[in-house]
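Accompanying notes for the structure given below.
Laboratory data are not the source of any read-out in this text; all were calculated from the coordinates shown. These figures come from a predicted structure and were not determined experimentally. For neighbour counting, all protein chains shown are included, and Cβ atoms are generated from backbone atoms with ideal geometry for every residue, glycine included.
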Amino acid sequence: MNPSYSSTRVRFAPSPTGFLHVGGARTALFSWLFARHAGGAFVLRIEDTDFERSSADMVTGILEGLRWLGMDWDEGPFYQSQRLDLYAKAAAALLETGHAYHCFCTREELEQRRASATEAGSVPRYDGRCRGISRAEAARRLEQGERAVVRFVVPRDGATTFEDAVFGPMEFSNAELEDFVLLRSDGIPTYHLSVVVDDLDMRMTHIIRGADHLSNTPKQVLLYQALGASLPVFAHLPLILGPDKTRLSKRHGATSVMAYKEMGIVPEAFRNFLALLGWSPGDAAKRPDGPDREIFSTDELIQMFSLDGIAHSNAVFNNEKLAWYNTEYIRAYDPTRLLPLIEDEWRQVQYQPSRGREEILTTIALLQPRARSLKDFSSAFLAYFGDEFSMDDAAVKKYLADSSVRHMLAELGHRYAAVETYTEASTEELLRAFAAEKGIKAGALINGARVVLTGQAVAPSLFAVMLCLGQQRVVRRLEAANNVTAV
RNA sequence: GGCGCUAUCGUCUAGGGGUUAGGACGUGAGAUUCUCAAUCUUAAAACACGGGUUCGAUUCCCGUUAGCGCUACCA
């Protein structure tokens, strides 16, 4: 079968009650990878039925995060808040078929019963007392303005089963479930109703979501059955944990995807890292000799992805490994691809390079092996792109504390001014001869010059830096060596 | 508490009835010497515990423990 004709349909259905967080991003990524692998559709649906906590800004942020990670969607975004009539209709149908009933218990009553049940050491579960209310009576009470929710009739006994594509066969005793709410008293659907109705309406074939929904699934399975629909494939993803092995949350620091952009992470690195968090290509990553593969292009990820490779256990988010991916990606980029990302960083700090595009490109190439983040290009590396940069205090202290070194560097600047063929070799030759003449170790001069030239203690080979900067800048900066003072 | 899920180096993981249990990140040591956050070499580091099944379990089964999740008129 031609995969492009596949009817596979997968959705990502975030709730806009927060930014796109790491866990959500991975769910989206796995769903997207799965859809692309199958040649199916990837649908975006915003689950904004919690009006109190949802906001349009959050939707914007989520879409921004998705785009940043390079995930495109084929349909949507659909908003549940605009599909309310659909859920109401479904609830009415369920009411009609006896799968649901009106419950007039107030929140206060419910809370009270819950509290006393907990106190008595029993499980707080709705007892279904309003099931017995006849439809006629319910209609009358509604007529009189009484508020009611619509609850689902969960079978008292038996079990609900389904097959999870990740965890295998699942069985939940119905006695563990309560008659959950379908429609709130204001007519807004609850999560269980809206997901099922939408997944059905949107003809989803696979439901890929976090394992925190595993225990909710039997309720939804019951709903599918009551609606006379067949089940989609459920695939639950193990959760992502913080370093302390509790579920990743704000107190673990960066949890919003965009925070990683702000840290100078490149999207491909983040995506590669995320893809391998809770999923593994297995033997496909093996190489006959040498280490297993860790770096995969998007196309490779799409081609290799399968539900079988999804782990069953939770994974701790490892910042160090992400940082490693970032350096790998930054290093491997073609400078022309890196440039726009760097320009974006420059814009953010309102920096204007004073060098031409070609020079900038070769400079990037020089710096790439040492960059750990995009941020380096808008901070530590600024001395390479223009003449506005600051000195690293520690570097100055370490290599320029001695005033005689500063004097020598200034003098060295004069010498460079007179050089006719300015090359990597000639600059080195001159410096070493100069050091010999002054009776100082070349290394001391080199380290000092590095700081004067770049403001940093760490840089590429000094003479490569000199060539990159060009004769004029080198002369100017060296001649100003005496003005350098540690703050 | 009830229900569910899970358990291989510190972390991400491969593997699977008989292996020197493989790789990556990180960490340690060494090399290089013009710096290191670059590079190269190298080392340490794991099958949670207890019972089965079996000639043989890290692998299969059960239990224990631990962790996580769910248990709302949130999603």
Which whole-angstrom value gives the distance between the alpha carbon centres of segment A:67-121 and segment A:197-240? 14 Å
Any aspartates and glutamates whose Cα falls less than 12 Å from that of A:Lys286, other than same-chain ones fewer than 8 residues away, would be A:Glu294
For the Cα atoms of chain A, what angle does the longest principal axis make with the long axis of helix A:107-119, in degrees from 0 to 90, nearest 10? 80 degrees
Please give the charge dipole size of segment A:63-115, origin at the Cα centre, charges +1 on K and R Cβ atoms and -1 on D and E Cβ atoms. Round to the nearest 20 debye. 220 debye
When the helices in chain A are scored as -39500 (n - 2.57) per DSSP H run of 4 or longer and the sum is shared across all residues, what 222 nm value do you end up with, to the nearest 500 deg cm²/dmol? -13500 deg cm²/dmol
Please work out whether segment A:336-380 counts as rounded, prolate or oblate from its C-alpha gyration tensor, where a ≥ b ≥ c are the square roots of the eigenvalues and a/c under 1.5 means rounded, while otherwise a/b larger than b/c means prolate and anything else oblate? oblate
Compute the Cα gyration tensor for segment A:85-237, then decide on rounded, prolate or oblate, letting a ≥ b ≥ c be the square roots of its eigenvalues: rounded whenever a/c is under 1.5, prolate when a/b is larger than b/c in the other cases, and oblate in all that remain. oblate
Are there GluC sites (Glu not before Pro) in segment A:419-454 that DSSP marks as loop and that have at most 13 other Cβ atoms within 10 Å, and which are they? A:Glu420
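Starting from the Cα gyration tensor of segment A:215-323, take the square roots of the eigenvalues, sort them a ≥ b ≥ c, and report rounded, prolate or oblate (rounded when a/c is under 1.5, otherwise prolate if a/b is larger than b/c, else oblate).
oblate
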With +1 at each Lys and Arg Cβ and -1 at each Asp and Glu Cβ, the charge dipole magnitude of segment A:390-483 around its Cα centre, to the nearest 20 debye, comes out at 200 debye
Taking Lys and Arg as +1 and Asp and Glu as -1, residues besides A:Pro335 with C-beta under 13 Å from its C-beta add up to -1
Say the dipole of segment A:85-237 comes from +1 at the beta carbon of Lys and Arg and -1 at that of Asp and Glu; which of A:Thr97, A:Phe162, A:Met204 then lies farthest toward its positive end? A:Thr97
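Given the pairs A:Lys397/A:Lys438; A:Lys245/A:Lys375; A:Lys398/A:Lys438, which span a C-alpha to C-alpha distance of over 27 angstrom in this model?
Pairs exceeding 27 Å: A:Lys245/A:Lys375.
State to the nearest 20 debye the size of the charge dipole of chain A about its Cα centre, where the only charges are +1 on K and R beta carbons and -1 on D and E beta carbons.
540 debye
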Can you find, among A:Thr217, A:Val150, A:Thr118, the residue farthest towards the positive end of the dipole of segment A:85-237? Put +1 on the C-beta of Lys and Arg, -1 on that of Asp and Glu. A:Val150
Disulfide-incompatible cysteines by the Cβ rule (no partner under 4.7 Å) in chain A: A:Cys105, A:Cys468
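Which of the peptides A:22-29, A:331-338 is most tightly packed, and how do the rest follow, judged by the mean count of other Cβ atoms within 10 Å per residue?
The densest-packed peptide leads the list: A:22-29, A:331-338.
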